[in-house]
Each structure stands twice: as C-alpha cells, then as structure tokens.
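Asker: One structure follows; several queries about it will come next.
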Amino acid sequence: MEEITLGELIMNLRIKKNISRARLCDGICSTVALGRYESNERVPDKFLIDCILERLGENSARLEFISSEDEFSKSVYRRDIEEYLDNRQYSDVEKILEIYRSNTQKSERLHYQYIYFKEGEICFENKKYEDALDLYKKALDLTERLDVIDKGLCDKLLSDIETGLLYKAAETYKCMGETDCADYIFDELRKYLMEQEDDCKKKAEYLPLVVIHTAETEINRSNYGLAKQYLNMAEELLIKEYHLTGLEKVLELKRRLDEDNDEEELHRLLAIKILNTRNVDGTISDEGIKLWESTIKQI
C-alpha cells in the first residue's frame, strides 16, 4: 500500500469530506498554519493533530504520533487522569492536574482546555454545578466554541473534547434545573452526531447518552411514542458499545413508559445494576452482593 505523509492524510480527509481549511482550523490554528501542515512544511504537535483529526470525524488513537518528551509526558498525564477519574480517585486527579498545569504554557490552549474540562468534571461530581459550568465555558471559549451554547453549532466542527464539554455543559444545566438550555444543547449535539460516520469515536461515546436525554425529555412532554423510539435507538447503540451504565438508564426509562414490564426485563435491570457496582478487578462489590441478596428476599 502506498504510504502518505501526515499532511497528505489531513488534506485528503478534508477534501473528501468537502471541508474548507477555515472551517477545520476555526479556533485552533490559522488557515496559513494548516496549509503548511498539509504541505508538510511544518509538523503540528500531537494534540493539535488529534484535534484536527477528531474534527474530521477520525479516531486519532489510530495514529500514534509523539514527537517530543514534553508531548509524551502530557500524554501520560492524561492517561493517568482518565484512569483515576474512572476509579473516582479525585484527589489523585487534582494532584496530576496541578503538575500538568505547572508544565503547560498559557499559550497552549488545547492543554488548558483539557485541564479545565477535567477540573469541571470534579466539580460536577461534587455537585458544584455553577463552578463546573464556569470551567466548561472557559474551556469551550479557548477554541471559540462557547457561542454554540446560545447560537447552536451551525457549520462548526467538534473535536472529542469539545463534544464532551458541550455534553457536560448540557448535563450541568439539567442538574441546575435549566432544562431549556440543556435540551437545546442536547438537540444540537444529537443532530451533529447523527451526521457522523458510524466508526467515529465521539459518535459512539456520546450519541447514545444524548439520545437517552432526548427520550427523557419526550417522556416529560408526554410524547411516549417518540420517547420509545429514542430509547430503542439508544439501547441498540449501547449494546453495540457494551455501555452498561447507559443501558441501566434506558431500562429504567422504559419502566416509566410501561409499568407492566415482565419479570425478564426486571432481571436485566438488576443484572446491569449489579455489574455497575463491580470492583476495579472485576469482582462483585459488597454493594452488589447486598443488592442481589435483598432482591432474592423479595422473591
């Protein structure tokens, strides 16, 4: 197979998808810089490459590109941060974020976008919703995506992090009781993600979650038929991605639609709840065992 350069890869993808340079680089670099990257006159750093490829709907993880010790260190910071977040070790996340920040220049906006994103997630988990929203907005503003909250996406492209920030902003608005703001952002994200290719990482990760929120909104509006369609769509997407937490929410919403769910459906919901309580090593937690035992006693 003929090998191509990084610049050729970016240019070929951009032309194939009929995306202008101005639209692709909006908020992250100049059109002149992008032209130099495409012509291989300059090489962007790994994190800018990731952002460009993600906006093009490509999975940046397929292209391993580390060109400096600094980029490698920051990649390790991000890996450790995600692992600690998954395990809810927030104090450890905060320590690494502090190190990350101390090794990052103010001009490195993609890094600060990530830092604000993760600081916002910690605030969200601690129910500090206003602080979380402020951090998400600061992060979005760094790549000129803040106006999406009020004006919609229009023809803007999104990286994985920008997509995650908008999703979390909508979720935060919902927790604050500002449902109109939340519904607007979720609706914009749903339309955008539906247009992405099926193997697009951000579509696989966020579309089912956005669709679940849309279904819940339709239930609250008493549009039960439409809600059922969205829930079936979300369930299909989640099963494909093995997303257990989302499946639990889908089944709970289906129970709201149909209180006469059969015993098999209730057992599925119980199984998913127990799996979601498992320990890091895969074993069932004490919480899961208690849930199982309490259910047995009721049968």
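Read-outs: derived from the displayed coordinates by stated rules, not from any lab. Here the structure is a predicted model, which means the values were calculated and not measured. Glycine also receives a Cβ, built like all others from the backbone with ideal geometry; neighbour counts cover every protein chain displayed.
Asker: In whole percent, what relative contact order does the range 6-62 give with Cα contacts below 8 Å and a gap of six or more residues?
Answerer: Computed value for the range 6-62: 37 percent relative contact order.
Asker: Related question: What shape does the range 135-222 take by its C-alpha gyration tensor, where a ≥ b ≥ c are the square roots of the eigenvalues and a/c under 1.5 counts as rounded, a/b above b/c as prolate, and the rest as oblate?
Answerer: Since a/c reaches 1.5 but b/c is at least a/b, the shape of the range 135-222 is classed as oblate.
Asker: Okay, next question. By per-residue mean of other Cβ atoms within 10 Å, what is the highest-first order of 199-210, 158-169?
Answerer: Descending mean neighbour count gives 158-169, 199-210.
Asker: Further question: Residues of the range 21-47 with backbone nitrogen within less than 15 Å of a virtual label 7 Å along the Cα-to-Cβ line of Glu8, please, listed as ranges.
Answerer: Under 15 Å, as judged by backbone N against the label point of Glu8, lie 38-41 of the range 21-47.
Asker: Size of the range 1-144 along its principal axes in angstrom, Cα-based, largest extent first?
Answerer: Here the spans come out as 48, 29, 26 Å, largest first.
Asker: Let me ask something else. Using 1/(1 + (r/R0)^6) with R0 = 35 angstrom and r between the beta carbons of Asn232 and Asp92, what's the FRET efficiency to the nearest 0.05?
Answerer: 0.35
Asker: Another question, then. For the range 6-62, state the average projected area of the convex hull of the C-alpha atoms over all orientations, rounded to one decimal in nm².
Answerer: 3.4
Asker: Further question on the same structure: I'd like the GluC sites (Glu not before Pro) in the range 100-147 restricted to DSSP loop residues with at most 14 other Cβ atoms within 10 Å, sorted by number.
Answerer: Of the GluC sites (Glu not before Pro), the ones in loops of the range 100-147 whose Cβ has at most 14 other Cβ atoms within 10 Å are Glu144.
Asker: Which GluC sites (Glu not before Pro) from the range 12-54 combine a DSSP loop assignment with at most 11 other Cβ atoms within 10 Å?
Answerer: The qualifying sites are Glu41.
Asker: Using 23 Å as the Cα-Cα cut-off, could you pick out the over-long pairs in Lys151/Lys240; Lys127/Lys249; Lys106/Lys202; Lys106/Lys191; Lys203/Lys240?
Answerer: Checking Cα-Cα distances, Lys151/Lys240; Lys106/Lys202; Lys106/Lys191 exceed 23 Å.
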